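Note sheet for the following structure.
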Amino acid sequence: MPLTNQTRVLHRFVQVTAEHLFGSELPDGLPAFQITPTTDPRFGHFACNLAMQLAKPLKRNPRQIGEELALALKDALGDTVERIEVAGPGFLNLFLSTDALSGQVQTVLTEEKPFQWTVDEPLRINLEYVSANPTGPLLVVNGRAAAMGSALAEILKAVGHDVTQEYFVNDTGTQVVELGKSVLRDGNPLLRKKGWTFSKEVLELVKDAGYAQDTVGPLVEPVCISFDEKYERIVRQARGIEEGEELNKHFDSGQVFYIGIDSVEMQLELHKETLRRFGIKFNDYYREHQLYLPLEHLGNYEYVLREFVFTDDLKILNKPNCLLLNSLVNLRSKGATDDSEGALWLKTTDYGDEKDRVIVRSSGKPTYLLTDIAYHLDKWERLGGDESERLMVVIWGPDHYGHILPTKAGLLAAGLPEGALEVLTSGWVTLKRGGETVSMSKRKGNLATLDELLDEVGVDVARYMFLERSPEAHLDFDLDLAVQQSSENPAYYIQYAHARICSIFAKAEEEGYSEEELSDDGLGPVDLAPLFTDDDAGSRQRELLRQIVYYPGVIESAAKNHAPQKVAAYLHGLAGVFHPYYKKVKVLVEDKAKALARLALCRALQKLMDHGLGLLGITSPRSM
């Protein structure tokens, strides 16, 4: 059994008890109510507002309702609560018993999976995030989305959802052409050294290529060398030309196409390398070109680029059966489109949009909106199973906000249920040093890359600082604070609490405690009564136990609201309770029973911190 979610347990008991007491007087049923953790131990562990919610439908004094409800609840909850007090206008303050508090520690120490819960309705979730264009390095803002997405995935899995993490590779736009031209512009000297000649048409084509030299710089040498080696291998094999015999290597405009393909693939590999460094693992990299592929060309990226990108004469409606065309046919069959001004429009105003949106241009080329609708329709099908058990979650950058409503409108028009897609936005990041905005980039005129940030502050600090605020809020990333090893640095503060707990156990070994005594099996059965003393140590220990009690509710809330920052805030608060305890209370006292009880509490805290930091993708150091 996992650590008990007391919020959920108490809510259920209050609901059943109230229905038994007042159900006959409530024809519309019990009103909504909340069980919330208290911020002051004087008011118990949890507060309930049901009595005040019942006052109006019952036409009674809320305090009287509260007193009646408290009396019945005490009988229903038995040993779970020590007492229930009615406060103010009718709040119920619930004080958990020492047995309930001790049981949480024992669960953490004795259960195989104390931090694995199961929600009432587990879902199959496709979580897509980052999905940066493969035309340059990952930037700091991409790092924020990466931290958020991977943390959210772990939190969702912790409460029992089946999560697939996906990266959408935008490999089919005109940026592929520009990337290939840019790499060739800067790589043609290298290719000349390898015997290549260039037509005037090619030189003119690449002269005004769209990407700067410092953006494509890491691609130039590997892409050009790979292109040259593949050309030699293929041509020699096809024509039977022996090694050492000279080849005619003339570069014409058609071969820019292959440079574009290799450049996208190389840049994607660089993205993956950065993401691995940042601790991000995707289950699938979904290529945009898959949406354009007819069955006979599945897996043929070259076909897509030739037919859809390197031609100005593209008519999507005349192309063979593919996911993109199928989505378009679906929308037209449902009357969701309108032909006007030579283009095809999606009637998004039917779903609250300020204007209808073009999905096929007058040139016959599909817009990004149609591509996105087709992609999500395919994603929905890939999730499979009952529709009520599926959910798509995407994290888009701050520049995509205006794209949310049209995309949802397209999915609704295509027949997907309301709520099939949830869109989260990851806000902008501004790097600050000495209170001033800095670019920190080595690339002239460009934003800082994620790798540059990681070089300066490290993975753990970057991930925490990306996660500590609401994801849609603008983030001022304080570089000075990020490198401090002090309580001012929140990531360091939390990790240091974990390291301090580990130091207690190292000290216990030095003082002669056996490995068995310090193991989970040894500490699990320990009597925890010595924790509940009426002195300063007892007060601090009760507060630590209170924090353990709240942890399952924090994780459930973070999963339900798609809010990893709740876990970050919880861990920072827990560290804020533990550090004063470490300074004020000696754990390894002479009284062995008291020392073992404190060690059991510390071990539970260590495991909880390790789990929480793990959800956020942050390490749990044993020493600092």
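The values are calculated or read from the model by the stated rules, or taken from the named source; none is laboratory data. Just so we're clear, the structure is a prediction, and the values are computed from it rather than from any experiment. Every residue, glycine as well, gets a Cβ built from its backbone with ideal geometry; the counts of neighbours run over all protein chains shown. In case anyone asks, the SASA skips ligands and DNA or RNA and just uses the protein heavy atoms, side chains included. Shrake-Rupley method; radii C 1.70, N 1.55, O 1.52, S 1.80 Å.
In the set (1) open to solvent by 30 Å² or more (accessible area, probe 1.4 Å); (2) touching a residue at least 24 places away in the same chain (Cβ under 8 Å); (3) not in a helix (DSSP H, G or I), the condition left unmet by Arg63 is number (3). With (1) small (Gly, Ala, Ser); (2) open to solvent by 20 Å² or more (accessible area, probe 1.4 Å); (3) at pLDDT 95 or above as the list, and Ala70 as the residue in question, which single condition is left unmet? Failed condition: (2).
Summed over the stretch 171-216, residues that are of a type in the set (Ser, Thr, Tyr), closer than 17 Å to Tyr258 by Cβ and open to solvent by 20 Å² or more (accessible area, probe 1.4 Å) total 3. Being in a loop (DSSP other than H, G, I, E, B), surrounded by fewer than 18 Cβ atoms within 10 Å (Cβ to Cβ) and not aliphatic (A, V, I, L, M): is that true of Ser503 here? Answer is no for this residue.
Contact annotation: residue pairs with Cβ atoms under 7 Å, 6 or more positions apart or on different chains, pairing a residue in the stretch 360-383 that is among the charged types (D, E, K, R) and in a helix (DSSP H, G or I) with a partner that is surrounded by fewer than 23 Cβ atoms within 10 Å (Cβ to Cβ) and modelled with pLDDT under 95, are Asp378/Leu323.
When Lys113, Lys74 are checked against the criterion of being out of contact with any Leu (no Cβ under 8 Å at 6 or more places or on another chain) and assigned to a loop (DSSP other than H, G, I, E, B), Lys113 stands alone in meeting it. Among the residues of the stretch 231-252, those that are at pLDDT below 85 and open to solvent by less than 90 Å² (accessible area, probe 1.4 Å) comprise Tyr231, Glu232, Val235, Arg236, Ala238, Gly240, Ile241, Gly244, Leu247, Asp252.
Restricting the stretch 88-110 to residues that are hydroxyl-bearing (Ser, Thr, Tyr) and part of a helix (DSSP H, G or I), which is surrounded by the most Cβ atoms within 10 Å (Cβ to Cβ)? Among those residues, the one meeting the criterion is Ser102.
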